[in-house]
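Structure first, then comments.
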Amino acid sequence: MSLKPYLSLCLFAAVLLTLAALPAGAHSVVIFPGSSLESAIAAQHDDFLFDVGETGQFVVLGGHHFEYDWFNIDSQLDVKMQKPDGSVVSLASRNASSPYTHPISKEKSTLTYQVCSATFDQAGIYTIYTTYVEENGDTDSPKLMVYVGSDDTWTGWNNVIGLPAEIIPYTRTMNLRAGDVLNAKFIAGGSPVPEYTMIFSEPSRTEAQALASFDEIMKEFPTTDESIYLIYSKATSTNANGEYFTTLDEPGLWVSVARYTNENGHKDATTLIVPVMGTYDTFGPSYDPLGPSSGTETSSGSDNSSNANDKQSTPGFTALAVLGSIGLAGFIGTRFGRN
(Lines give C-alpha, C1' and ligand atoms only; values in the text may rest on other atoms or scores of the structure.)
Protein backbone atom coordinates (compact mmCIF):
# COMPACT_ATOMS: atom_id res chain seq x y z
CA MET A 1 0.00 0.00 0.00
CA SER A 2 1.34 3.43 -0.98
CA LEU A 3 2.37 5.73 1.86
CA LYS A 4 2.32 8.86 -0.29
CA PRO A 5 -1.22 10.03 0.63
CA TYR A 6 -0.40 9.62 4.33
CA LEU A 7 2.85 11.52 3.90
CA SER A 8 0.88 14.36 2.31
CA LEU A 9 -1.53 14.51 5.24
CA CYS A 10 1.29 14.48 7.79
CA LEU A 11 3.07 17.33 6.05
CA PHE A 12 -0.10 19.38 5.86
CA ALA A 13 -0.69 18.84 9.59
CA ALA A 14 2.85 20.02 10.25
CA VAL A 15 2.16 23.17 8.27
CA LEU A 16 -0.91 23.87 10.40
CA LEU A 17 1.16 23.51 13.57
CA THR A 18 3.77 25.86 12.12
CA LEU A 19 1.06 28.36 11.25
CA ALA A 20 -0.20 28.35 14.84
CA ALA A 21 3.30 29.00 16.14
CA LEU A 22 4.18 31.91 13.84
CA PRO A 23 2.98 35.54 13.82
CA ALA A 24 -0.28 36.19 11.98
CA GLY A 25 1.48 38.20 9.27
CA ALA A 26 -1.00 39.38 6.69
CA HIS A 27 -4.00 37.72 8.37
CA SER A 28 -6.65 40.44 8.73
CA VAL A 29 -10.20 41.67 8.20
CA VAL A 30 -10.72 43.52 4.91
CA ILE A 31 -13.35 45.56 3.06
CA PHE A 32 -13.37 44.96 -0.70
CA PRO A 33 -15.66 46.45 -3.39
CA GLY A 34 -18.23 43.89 -4.55
CA SER A 35 -21.61 42.32 -3.89
CA SER A 36 -20.38 38.75 -3.35
CA LEU A 37 -17.28 36.83 -2.33
CA GLU A 38 -16.40 36.13 -5.96
CA SER A 39 -16.71 39.73 -7.18
CA ALA A 40 -14.93 41.17 -4.13
CA ILE A 41 -11.90 38.90 -4.40
CA ALA A 42 -11.57 39.79 -8.10
CA ALA A 43 -12.02 43.57 -7.61
CA GLN A 44 -9.79 45.85 -9.68
CA HIS A 45 -8.92 49.52 -10.01
CA ASP A 46 -12.14 50.62 -11.72
CA ASP A 47 -14.26 49.08 -8.94
CA PHE A 48 -13.02 51.91 -6.68
CA LEU A 49 -14.43 54.59 -9.03
CA PHE A 50 -18.03 55.83 -8.80
CA ASP A 51 -20.26 58.59 -10.18
CA VAL A 52 -22.22 60.97 -8.01
CA GLY A 53 -25.61 59.38 -7.29
CA GLU A 54 -24.31 55.83 -7.77
CA THR A 55 -24.67 53.11 -5.11
CA GLY A 56 -21.81 50.74 -4.41
CA GLN A 57 -21.63 47.47 -2.49
CA PHE A 58 -18.77 46.27 -0.30
CA VAL A 59 -17.86 42.91 1.23
CA VAL A 60 -16.38 42.55 4.73
CA LEU A 61 -14.46 39.32 5.32
CA GLY A 62 -11.21 38.10 6.80
CA GLY A 63 -8.34 35.79 6.07
CA HIS A 64 -4.88 35.45 4.55
CA HIS A 65 -5.25 37.30 1.28
CA PHE A 66 -2.46 35.91 -0.85
CA GLU A 67 -3.24 32.31 0.09
CA TYR A 68 -7.00 32.65 -0.58
CA ASP A 69 -7.44 31.41 3.00
CA TRP A 70 -10.63 33.09 4.26
CA PHE A 71 -12.56 32.89 7.54
CA ASN A 72 -16.10 33.80 8.60
CA ILE A 73 -17.28 37.24 9.65
CA ASP A 74 -20.47 36.17 11.40
CA SER A 75 -20.94 39.09 13.81
CA GLN A 76 -22.76 42.19 12.61
CA LEU A 77 -20.10 44.89 12.33
CA ASP A 78 -20.94 48.59 12.32
CA VAL A 79 -19.43 49.65 9.00
CA LYS A 80 -19.12 53.41 8.70
CA MET A 81 -18.41 55.82 5.86
CA GLN A 82 -16.83 59.25 6.13
CA LYS A 83 -18.06 61.52 3.33
CA PRO A 84 -16.00 64.22 1.60
CA ASP A 85 -17.65 66.89 3.78
CA GLY A 86 -16.46 65.05 6.92
CA SER A 87 -19.85 63.70 7.99
CA VAL A 88 -20.03 60.03 9.02
CA VAL A 89 -22.87 57.56 8.39
CA SER A 90 -23.37 53.88 9.19
CA LEU A 91 -23.93 51.70 6.14
CA ALA A 92 -26.88 49.39 5.68
CA SER A 93 -25.61 45.81 5.67
CA ARG A 94 -26.70 42.20 5.41
CA ASN A 95 -25.11 38.82 6.03
CA ALA A 96 -24.33 36.65 3.02
CA SER A 97 -22.64 33.32 2.37
CA SER A 98 -20.90 31.50 -0.46
CA PRO A 99 -19.55 27.98 -0.96
CA TYR A 100 -15.81 27.95 -0.33
CA THR A 101 -13.09 25.42 -1.07
CA HIS A 102 -9.69 25.84 0.53
CA PRO A 103 -7.21 25.66 -2.37
CA ILE A 104 -4.64 23.57 -0.47
CA SER A 105 -6.56 21.16 1.75
CA LYS A 106 -9.54 21.03 -0.67
CA GLU A 107 -11.80 21.26 2.37
CA LYS A 108 -15.27 22.51 1.41
CA SER A 109 -17.29 24.82 3.64
CA THR A 110 -19.69 27.76 3.58
CA LEU A 111 -18.10 31.16 4.08
CA THR A 112 -20.12 33.84 5.89
CA TYR A 113 -19.42 37.53 5.32
CA GLN A 114 -21.10 40.93 5.41
CA VAL A 115 -22.29 42.99 2.43
CA CYS A 116 -22.77 46.76 2.83
CA SER A 117 -24.36 49.36 0.54
CA ALA A 118 -23.30 52.98 0.16
CA THR A 119 -24.82 55.76 -1.94
CA PHE A 120 -22.48 58.55 -2.99
CA ASP A 121 -24.25 61.92 -3.03
CA GLN A 122 -21.13 64.12 -3.19
CA ALA A 123 -18.04 64.27 -5.34
CA GLY A 124 -14.77 63.47 -3.60
CA ILE A 125 -13.16 60.72 -1.53
CA TYR A 126 -15.19 58.47 0.79
CA THR A 127 -13.46 56.38 3.47
CA ILE A 128 -15.19 53.12 4.45
CA TYR A 129 -14.05 51.46 7.67
CA THR A 130 -15.02 49.37 10.67
CA THR A 131 -13.50 47.88 13.84
CA TYR A 132 -13.77 44.18 14.59
CA VAL A 133 -13.29 43.38 18.29
CA GLU A 134 -12.19 39.83 19.08
CA GLU A 135 -13.17 37.96 22.24
CA ASN A 136 -9.75 38.51 23.80
CA GLY A 137 -9.96 42.28 23.29
CA ASP A 138 -7.75 42.52 20.19
CA THR A 139 -9.07 44.83 17.46
CA ASP A 140 -8.87 44.80 13.66
CA SER A 141 -9.75 48.00 11.76
CA PRO A 142 -9.74 47.79 7.95
CA LYS A 143 -10.29 50.85 5.78
CA LEU A 144 -10.47 51.68 2.11
CA MET A 145 -11.08 54.82 0.09
CA VAL A 146 -13.29 55.11 -2.97
CA TYR A 147 -13.25 57.96 -5.46
CA VAL A 148 -16.37 59.71 -6.72
CA GLY A 149 -16.66 62.26 -9.51
CA SER A 150 -13.70 63.96 -11.21
CA ASP A 151 -10.15 63.89 -9.94
CA ASP A 152 -10.15 67.60 -9.06
CA THR A 153 -12.38 66.66 -6.09
CA TRP A 154 -10.11 63.87 -4.84
CA THR A 155 -8.76 65.45 -1.67
CA GLY A 156 -8.59 64.07 1.84
CA TRP A 157 -6.94 60.74 1.01
CA ASN A 158 -4.57 61.29 3.96
CA ASN A 159 -7.29 62.07 6.55
CA VAL A 160 -7.02 60.47 9.99
CA ILE A 161 -10.24 58.65 10.96
CA GLY A 162 -9.33 57.91 14.60
CA LEU A 163 -9.31 54.10 14.55
CA PRO A 164 -7.51 52.11 17.30
CA ALA A 165 -4.82 51.45 14.69
CA GLU A 166 -4.63 53.16 11.31
CA ILE A 167 -2.41 53.48 8.26
CA ILE A 168 -2.27 57.03 6.88
CA PRO A 169 -1.04 57.11 3.26
CA TYR A 170 1.32 59.83 2.10
CA THR A 171 0.77 58.57 -1.45
CA ARG A 172 -2.68 58.99 -3.01
CA THR A 173 -4.16 55.50 -3.17
CA MET A 174 -5.90 55.95 -6.53
CA ASN A 175 -4.15 55.59 -9.90
CA LEU A 176 -1.21 53.63 -8.48
CA ARG A 177 0.59 51.52 -11.08
CA ALA A 178 2.62 48.35 -10.76
CA GLY A 179 6.08 49.30 -9.56
CA ASP A 180 4.94 52.41 -7.70
CA VAL A 181 6.01 52.96 -4.10
CA LEU A 182 3.42 53.38 -1.35
CA ASN A 183 4.61 55.74 1.39
CA ALA A 184 2.50 55.72 4.55
CA LYS A 185 2.49 56.14 8.34
CA PHE A 186 1.25 53.64 10.93
CA ILE A 187 -0.35 55.14 14.04
CA ALA A 188 -1.95 53.40 17.03
CA GLY A 189 -3.81 55.15 19.83
CA GLY A 190 -3.38 58.38 17.88
CA SER A 191 0.45 58.26 17.97
CA PRO A 192 3.15 56.90 15.63
CA VAL A 193 4.19 53.35 16.46
CA PRO A 194 7.79 52.65 17.56
CA GLU A 195 10.63 52.19 15.12
CA TYR A 196 10.94 48.74 13.51
CA THR A 197 7.22 47.89 13.82
CA MET A 198 6.53 45.37 11.05
CA ILE A 199 4.21 46.03 8.08
CA PHE A 200 3.17 43.27 5.66
CA SER A 201 1.94 44.07 2.14
CA GLU A 202 0.68 41.62 -0.45
CA PRO A 203 -1.73 41.27 -3.37
CA SER A 204 -5.01 39.44 -2.77
CA ARG A 205 -5.59 36.24 -4.74
CA THR A 206 -8.47 34.35 -6.27
CA GLU A 207 -8.50 30.58 -5.79
CA ALA A 208 -7.05 29.94 -9.26
CA GLN A 209 -4.31 32.52 -8.76
CA ALA A 210 -3.36 31.06 -5.37
CA LEU A 211 -2.94 27.58 -6.82
CA ALA A 212 -0.93 28.92 -9.76
CA SER A 213 1.27 30.91 -7.40
CA PHE A 214 2.09 27.87 -5.27
CA ASP A 215 3.04 25.94 -8.39
CA GLU A 216 5.21 28.86 -9.48
CA ILE A 217 7.00 28.90 -6.12
CA MET A 218 7.86 25.21 -6.43
CA LYS A 219 9.12 25.58 -10.01
CA GLU A 220 11.34 28.54 -9.20
CA PHE A 221 12.63 27.35 -5.81
CA PRO A 222 12.46 23.53 -5.74
CA THR A 223 15.38 22.76 -3.45
CA THR A 224 15.40 24.62 -0.11
CA ASP A 225 12.74 25.70 2.36
CA GLU A 226 14.58 28.98 2.95
CA SER A 227 14.38 30.06 -0.69
CA ILE A 228 10.70 29.07 -0.89
CA TYR A 229 9.45 31.32 1.89
CA LEU A 230 11.13 34.50 0.61
CA ILE A 231 8.26 35.06 -1.82
CA TYR A 232 5.30 37.35 -2.36
CA SER A 233 4.19 38.86 0.97
CA LYS A 234 6.46 41.88 1.45
CA ALA A 235 7.73 42.71 4.92
CA THR A 236 9.04 46.12 5.88
CA SER A 237 9.29 48.12 9.09
CA THR A 238 8.62 51.64 10.29
CA ASN A 239 11.13 54.36 11.05
CA ALA A 240 11.15 56.39 14.27
CA ASN A 241 8.14 58.43 13.02
CA GLY A 242 6.04 55.35 12.24
CA GLU A 243 6.60 55.81 8.49
CA TYR A 244 7.32 53.07 5.95
CA PHE A 245 7.71 52.46 2.22
CA THR A 246 6.69 49.43 0.18
CA THR A 247 6.75 48.69 -3.55
CA LEU A 248 3.53 47.50 -5.20
CA ASP A 249 5.10 45.07 -7.64
CA GLU A 250 2.13 43.94 -9.69
CA PRO A 251 -1.39 44.98 -10.66
CA GLY A 252 -4.27 43.88 -8.47
CA LEU A 253 -5.91 44.41 -5.12
CA TRP A 254 -3.24 45.13 -2.48
CA VAL A 255 -3.43 45.14 1.31
CA SER A 256 -1.00 46.55 3.86
CA VAL A 257 -1.46 44.93 7.28
CA ALA A 258 0.01 46.31 10.52
CA ARG A 259 -0.29 45.38 14.22
CA TYR A 260 0.73 47.02 17.46
CA THR A 261 0.48 45.74 21.05
CA ASN A 262 -1.06 48.47 23.18
CA GLU A 263 -0.38 49.29 26.85
CA ASN A 264 -3.09 46.83 27.94
CA GLY A 265 -1.39 43.97 26.12
CA HIS A 266 -4.01 43.77 23.35
CA LYS A 267 -3.13 43.80 19.66
CA ASP A 268 -4.60 46.59 17.55
CA ALA A 269 -4.45 45.75 13.84
CA THR A 270 -5.34 47.69 10.72
CA THR A 271 -5.45 47.03 6.99
CA LEU A 272 -5.21 49.59 4.18
CA ILE A 273 -6.70 48.37 0.89
CA VAL A 274 -5.53 49.91 -2.41
CA PRO A 275 -6.00 49.05 -6.11
CA VAL A 276 -2.99 48.91 -8.44
CA MET A 277 -3.14 49.28 -12.23
CA GLY A 278 -0.85 47.61 -14.73
CA THR A 279 0.96 50.32 -16.73
CA TYR A 280 1.15 54.06 -17.26
CA ASP A 281 -0.73 54.11 -20.55
CA THR A 282 -4.10 52.67 -19.51
CA PHE A 283 -6.74 53.51 -16.93
CA GLY A 284 -7.80 49.99 -16.04
CA PRO A 285 -5.83 46.99 -17.38
CA SER A 286 -7.15 43.54 -18.16
CA TYR A 287 -4.81 40.53 -18.02
CA ASP A 288 -4.85 36.85 -18.87
CA PRO A 289 -4.07 35.26 -15.48
CA LEU A 290 -1.95 32.44 -16.91
CA GLY A 291 -1.09 33.86 -20.31
CA PRO A 292 2.19 35.27 -21.68
CA SER A 293 4.04 37.75 -19.50
CA SER A 294 3.58 40.36 -22.23
CA GLY A 295 -0.21 40.25 -21.90
CA THR A 296 -2.16 42.85 -23.85
CA GLU A 297 -3.73 45.92 -22.30
CA THR A 298 -7.20 47.20 -23.04
CA SER A 299 -7.69 50.73 -24.26
CA SER A 300 -8.74 53.53 -21.94
CA GLY A 301 -12.44 53.56 -21.18
CA SER A 302 -13.04 49.84 -21.63
CA ASP A 303 -14.76 47.72 -18.99
CA ASN A 304 -12.12 46.52 -16.54
CA SER A 305 -14.25 45.92 -13.47
CA SER A 306 -14.15 42.84 -11.27
CA ASN A 307 -15.55 40.78 -14.15
CA ALA A 308 -12.29 41.23 -16.08
CA ASN A 309 -9.58 38.59 -16.05
CA ASP A 310 -7.31 38.43 -13.04
CA LYS A 311 -3.58 38.97 -13.27
CA GLN A 312 -0.47 36.83 -13.22
CA SER A 313 1.98 37.32 -10.38
CA THR A 314 5.45 38.79 -10.33
CA PRO A 315 7.44 37.58 -7.31
CA GLY A 316 8.13 39.91 -4.39
CA PHE A 317 9.80 39.13 -1.06
CA THR A 318 8.73 38.25 2.48
CA ALA A 319 9.89 37.22 5.91
CA LEU A 320 6.98 34.81 6.41
CA ALA A 321 8.13 31.22 6.36
CA VAL A 322 4.56 29.98 6.49
CA LEU A 323 3.85 31.04 2.90
CA GLY A 324 6.48 28.73 1.53
CA SER A 325 5.44 25.95 3.93
CA ILE A 326 1.83 26.11 2.77
CA GLY A 327 2.99 26.17 -0.86
CA LEU A 328 5.18 23.13 -0.24
CA ALA A 329 2.34 21.20 1.40
CA GLY A 330 0.00 22.11 -1.43
CA PHE A 331 2.53 20.93 -3.97
CA ILE A 332 3.07 17.58 -2.27
CA GLY A 333 -0.64 17.09 -1.68
CA THR A 334 -1.38 17.83 -5.31
CA ARG A 335 1.37 15.64 -6.71
CA PHE A 336 1.10 12.65 -4.34
CA GLY A 337 -2.51 12.73 -3.18
CA ARG A 338 -3.75 11.75 -6.61
CA ASN A 339 -1.65 8.59 -6.81
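Miscellaneous remarks
- Verdict on Pro142 being modelled with pLDDT of 95 or more and closer than 30 Å to Thr261 by Cβ: yes
- Some residue of region 161-169 being surrounded by fewer than 17 Cβ atoms within 10 Å (Cβ to Cβ) and either in a loop (DSSP other than H, G, I, E, B) or at pLDDT below 90 (or both): yes
- If the condition is being within 21 Å of Asp74 (Cβ to Cβ), surrounded by fewer than 20 Cβ atoms within 10 Å (Cβ to Cβ) and either of a type in the set (D, E, K, R) or free of Cβ contacts under 8 Å to residues at least 60 places away in the same chain (or both), then region 104-130 contributes Glu107, Lys108, Ser109, Thr110, Thr112.
- Every condition in (1) touching a strand residue (DSSP E or B) at 6+ places or on another chain (Cβ under 9 Å); (2) more than 25 Å from Asp78 (Cβ to Cβ) is met by Ile187 except one, and the failing one is (2).
Rundown of residues vs (1) at pLDDT 85 or above; (2) surrounded by fewer than 23 Cβ atoms within 10 Å (Cβ to Cβ); (3) more than 19 Å from the chain's Cα centre (by Cα), yes/no style:
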position: Gly190; (1), (2), (3): yes, yes, yes
position: Glu202; (1), (2), (3): yes, no, no
position: Gly242; (1), (2), (3): yes, yes, yes
position: Phe245; (1), (2), (3): yes, yes, no
position: Gly252; (1), (2), (3): yes, no, no
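- Residue list for region 193-219, restricted to those being assigned to a helix (DSSP H, G or I) and in contact with a strand residue (DSSP E or B) (Cβ under 9 Å, 6 or more places away or on another chain): Glu207, Gln209, Ala210
- Any chance Lys219 is among the charged types (D, E, K, R), at pLDDT 95 or above and out of contact with any His (no Cβ under 6 Å at 6 or more places or on another chain): no
- Counted residues, region 248-263 - those being touching a Gly at 6+ places or on another chain (Cβ under 7 Å) and polar (S, T, N, Q): 1
- Residue under evaluation Thr101, criteria (1) exposed (fewer than 14 other Cβ atoms within 10 Å of the Cβ); (2) more than 19 Å from Ala42 (Cα to Cα), criterion not met: (2)
- Flag: Ser39 matches the condition of being modelled with pLDDT of 90 or more and assigned to a helix (DSSP H, G or I).
The values are calculated or read from the model by the stated rules, or taken from the named source; none is laboratory data. Everything quoted here is computed from the prediction, not taken from an experiment. When we count neighbours, we look across all protein chains shown, and the Cβ atoms used for this are built from the backbone with ideal geometry, even at glycine.
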